Amino acid sequence: MPDRTNLVYRYDGSFDGLLTCVFESYARHELPDAILSPDDMQTMLFESRRVETDYVKSARVLRGVMSRISPEAADFIRMAHLSCIFERDRRILVFLRLGFDVGPGVMNRLADARVNALVSGVRYLEREAHHYMGFLRFTEIDGVLASVIQPKNRVLPLIDPHFSDRFNAERFIIHDASHRCALMHMPGCSRIVPLDELHITASNARELEIQALWRKFHQTIAIEGRLNPQLQRSNLPLRFRPEMTEFQREKTTGKEIGCHEKSASGRLSAV
Amino acid sequence: MMTTMEKLTILTDAAKYDVACTSSGVGRAAKPGTMGNSMACGICHSFSADGRCISLLKVLQSNACSYDCSYCVNRRTNDTPRATFTPRELADLTMAFYRRNYIEGLFLSSGVTGSADTTMELMIRTLSILREEYRFGGYIHAKAIPGADEKLVTRLGRLADRMSVNLELPSCQSLQKLAPDKSRADVLRPMSQIAQGIAQTKNELTLYRHTPQFVPAGQSTQMIVGASPETDWQILSLTSALYRKYALKRVFFSAYMPVVADSRLPALTTRPPLLREHRLYQADWLLRFYGFTADEILSERHPNFHPLIDPKCNWAINHPEFFPVEVNRADYEALLRVPGIGVTSARRILQARRSGSLAVEGLRRLGVVMKRAQYFLTVGGRMPARVSLNRAQLISALSSEKGMALPETARQLSFLDTTEEDYVKCLTGQI
Ligand code: SF4
């Protein structure tokens with residue numbers, strides 16, 4: 001029986017939700033034209049089916065991926081799901097269908113457009129996460145390190161191990177403003193929680209002094225005879241700069257850290 | 001009393017001509033309860049207006065130098081403001097920057113204040129406060145001062161991740177002429193001491209687990225290009241010898257930037273030879289990752305780089321007998337010789353071949369730059385370019401428009417500093 005195509009799946013955006021969509025697609029002999037999460041723009045061209053996340057179904061799909069494709073493929077789609085590539089979820093479904101047909105070898109098919117699309121997406125995610133390991137800036141407020149980023153991909157799960165190791169004895173919060181969630185860390189534990197907004201304003205004299213010293217360093221280290229703003233821009237795209245101390249103007253006054261939270265997330269933000 | 005701000009300004013300004021700012025070469029997790037770890041691939045934290053990566057807080061401990069190297073802004077006879085960080089002040093600044101994720105660590109160098117030994121002692125004091133008192137686990141690159149006592153070099157090496165001794169100039173004669181207080185021997189002695197120390201520690205580590213570390217991220221050096229008359233071939237041969245003899249991790253090149261009027265040096269109006277520096281980095285990459293030897297790249301008969309063609313393309317044009325390479329059969333080494341195929345795309349080709357033979361469209365997806373590669377490979381027996389070009393046509397097809405404009409704009413100099421970002425770029429950038 002040929003698969004039905006002209007319809008759209010909608011799900012809650014979770015990884016288990018996506019795997020449930022994969023399950024439904026097989027069970028109902030459907031190949032949806034799009035799989036949409038709440039983050040996606042909703043188009044209403046086709047009939048849409050709401051797929052409720054079902055942990056039994058998602059676990060079955062995951063076991064199937066591990067045994068019939070490979071454990072690497074399972075890790076790979078988990079990463080791909082964090083990326084922001086166009087039509088991400090439908091591409092993951094297409095990849096899995098190919099994988100179930102050809103087995104573990106699917107991971108080598110780098111030249112196949114269906115595989116390559118996801119590989120490039122994961123690469124982009126990893127590159128952005130690596131960028132943020134360097135470009136992210138903390139401001140210290142009452143002993144807590146706070147940061148806001150605006151990534152295109154969901155990078156928090158990727159940068160968590162790095163920062164939680166490097167600053168293991170600190171309390172810190174990294175707010176992903178694009179995806180409205182935050183990584184919170186305290187010695188011995190870190191987790192990612194929903195968070196709508198975080199305002200950071202330094203007011204402490206020592207903090208402002210350190211920021212000024214860093215700006216001075218950044219400005220002084222450049223060699224005038226080799227100024228090259230194009231190169232600077234290709235290495236450090238403008239979109240990262242609003243959150244970076246060295247590209248912000250000197251601040252002289254400010255208020256305490258404020259935090260509007262959506263859920264019961266904000267132990268750290270109570271400071 | 002000078003403020004920290006004033007000192008930072010002076011001692012950054014005095015350190016900025018040093019090229020190396022990499023934080024790579026050692027992976028280390030943080031000890032629980034302490035601050036700092038290190039990523040083997042290095043991390044760029046910012047980029048300055050000249051486009052170079054900022055990874056480390058790069059400053060001098062002091063610029064009150066008692067030597068008189070003609071090419072250097074800090075030389076004794078130059079009229080410039082002087083400053084010296086106290087070890088505590090610099091350690092505190094490093095911690096404050098690191099904690100806010102501004103930097104990967106510290107790159108500490110210094111002018112010779114008093115003697116080589118007193119300078120080293122001051123630097124050691126800074127690093128001991130960081131490592132022993134503050135238990136800092138981030139990256140430290142320290143410069144050994146030529147002529148310092150061996151024991152001090154060892155002590156510094158136990159605190160640092162990477163050490164470097166700058167060769168400064170590519171030949172003894174030039175060093176003698178331009179840096180009268182330094183001898184080649186003074187430079188090479190600590191370099192070989194560090195090389196031996198690294199080798200010995202590696203040995204001992206396999207025997208006893210608790211051998212104290214010594215320069216785990218290896219040793220690097222830097223030379224100034226364009227202040228003295230050596231050819232590209234001489235510089236590249238020296239580079240290759242340094243990798244072999246002293247097991248260096250990196251050799252950096254710095255286009256000479258005229259900072260002083262001196263009859264022994266190029267005139268103040270001379271532009272820094274950025275293209276030459278760029279070509280040297282490309283060739284250096286071929287030595288380290290592409291299996292080329294210095295003599296394959298340049299020779300006594302052709303001692304200088306082609307201004308329009310990068311060294312890899314240049315080799316390919318001069319070795320028509322090696323091509324075309326069949327992508328579906330060639331081994332890794334042969335693939336690496338093809339212009340337009342880099343380390344990453346060569347690896348991907350090998351991986352993708354396991355699941356079937358490749359077509360042109362697929363090669364593009366693997367990151368092969370077909371614009372260049374098309375003249376040098378076959379895909380399933382067929383050459384994508386369809387026409388074969390003669391030497392002159394190849395030269396014009398492969399010289400990039402950017403290359404033409406480069407002497408003026410120095411637009412695409414992306415190899416200045418190499419942490420992960422540039423590394424990736426170089427590997428995928430088909431040099
Ligand atoms: S020793 Fe020479 S190169 Fe080093 S700071 Fe002093 S004058 Fe400059």
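The values are calculated or read from the model by the stated rules, or taken from the named source; none is laboratory data. Predicted, not measured: the structure shown is a model, and the values here were computed from it. Neighbour counts are summed over all protein chains in view; Cβ atoms, including those assigned to glycine, are modelled from backbone coordinates with ideal geometry. Remember, those area values only see protein heavy atoms, side chains included, never the ligands or the DNA or RNA. Shrake-Rupley method; radii C 1.70, N 1.55, O 1.52, S 1.80 Å.
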Largest first, what is the accessible-area ranking of B:R158, B:R271 with a 1.4 Å probe?
-> B:R271, B:R158
Karplus-derived 3J(HN,Hα) from phi for the stretch B:81-86 (6.51 cos²θ - 1.76 cosθ + 1.60, θ = phi - 60°), whole Hz, x at Gly and Pro, runs x, 10, 8, 9, 6, 6
For the stretch A:7-126, the percent of accessible surface on carbon and sulfur atoms (probe 1.4 angstrom, ligands and nucleic acids excluded) is 55
Expected sort for B:79-88, B:167-176 on mean C-beta neighbours within 10 Å, highest first, is B:167-176, B:79-88
Hey, what's the Cα Rg ratio for the protein assembly as shown versus the globular rule of thumb, 2.2 N^0.38 Å?
-> 1.04
Would you please give the residues with an amide H less than 5 Å from that of A:E30, counting only those at least 5 places away or on a separate chain, with H modeled from the backbone geometry?
-> A:R4
Placed amide H near B:V325: partners under 5 Å, 5+ positions off or other chain | B:L377, B:T378
So how do A:E250, B:E326 rank on accessible area, 1.4 Å probe, biggest first, that is with the largest at the start?
-> A:E250, B:E326
Amide H contacts of B:V225 (H built 1.01 Å from N, under 5 Å, at least 5 apart or other chain) = B:S254, B:A255, B:Y256
Within a 10 angstrom radius of each residue's Cβ in A:205-218, how many Cβ atoms of other chains show up on average? Whole number is fine.
-> 5
Surpassing 19 Å at the alpha-carbon level, of the pairs B:K182/B:K249; B:K312/B:K371; B:K7/B:K58; A:K216/B:K7; B:K177/B:K249, are B:K182/B:K249; B:K177/B:K249
Which whole-angstrom value gives the distance between the alpha carbon centres of the stretch B:125-198 and the stretch A:57-90?
-> 50
Just counting partner chain Cβ atoms within 10 Å, what average do the residues of peptide A:167-174 show around their Cβ?
-> 4
Report, for chain B, the % of DSSP beta bridges that are antiparallel, rounded to 5.
-> 15
Of all DSSP beta bridges in chain A, what percent run antiparallel (nearest 5)?
-> 55
In nm, spacing of pseudo-spin labels at A:C189 and B:M5 (7 Å Cα→C-beta vector) = 4.2
Roughly speaking, what is the centre-to-centre gap between the stretch A:5-56 and the stretch B:359-398 when only Cα atoms are used, to the nearest Å?
-> 43
What are the aspartates and glutamates whose alpha-carbon lies under 15 Å from the alpha-carbon of B:K31, with same-chain residues fewer than 8 places away excluded?
-> A:D165, A:E170, B:E132, B:E133
Using a 10 Å cut-off on Cβ to Cβ distances, tally the other chain neighbours for every residue of A:132-141 and report the average as a whole number.
-> 5
Could you list log10 I(q)/I(0) for the stretch B:291-379 at q = 0.10, 0.11 Å⁻¹, which the Debye formula gives when each Cα is one point scatterer?
-> -0.26, -0.32
Would you mind telling me the share, in percent, of accessible area of chain B contributed by carbon and sulfur at probe 1.4 angstrom?
-> 53
B versus A: buried accessible surface, summed, Å² (probe 1.4 Å, to nearest 100) = 5400
Largest-first ordering by accessible area, 1.4 Å probe, given options B:K202, B:K7, B:K249 | B:K202, B:K249, B:K7
Please work out whether chain A counts as rounded, prolate or oblate from its C-alpha gyration tensor, where a ≥ b ≥ c are the square roots of the eigenvalues and a/c under 1.5 means rounded, while otherwise a/b larger than b/c means prolate and anything else oblate?
-> prolate
Per-residue ellipticity at 222 nm attributable to helices in chain B (runs of n ≥ 4 DSSP H, -39500 (n - 2.57) apiece, nearest 500 deg cm²/dmol) works out to -12000 deg cm²/dmol
Taking springs between alpha-carbon atoms closer than 10 angstrom, which of A:A117, A:A27, A:A73 fluctuates most in the Gaussian network model of chain A?
-> A:A27
Based on DSSP, what percent of beta bridges with both residues in the protein assembly as shown are antiparallel, to the nearest 5?
-> 35
Rounded D (µm²/s) - the stretch A:136-247, Kirkwood Rh over Cα pairs, Stokes-Einstein at 10 °C, 1.306 mPa s = 102
Residue-by-residue Karplus 3J(HN,Hα) for the stretch A:57-67, coefficients 6.51, -1.76, 1.60, Hz, glycine and proline x | 5, 5, 5, 5, 5, 4, 4, x, 4, 4, 8
Calculated P(r) of chain B - Cα pairs past 31 Å, % | 44
Per residue in the stretch B:326-369, which ones lose no less than 50 Å² of accessible surface when going from chain alone to all protein chains (1.4 Å probe)?
-> B:R348, B:Q351, B:S355, B:R365
Taking a straight Cα-to-Cα line shorter than 13 Å from B:K151, and setting aside same-chain aspartates and glutamates fewer than 8 residues away, one finds B:D117, B:E121
Tabulate in residue order the Karplus-calculated ³J(HN,Hα) for the stretch B:226-237, using 6.51 cos²θ - 1.76 cosθ + 1.60 with θ = phi - 60°, rounded to whole Hz; enter x for Gly and Pro.
-> x, 8, 9, x, 4, 7, 4, 5, 4, 5, 5, 5
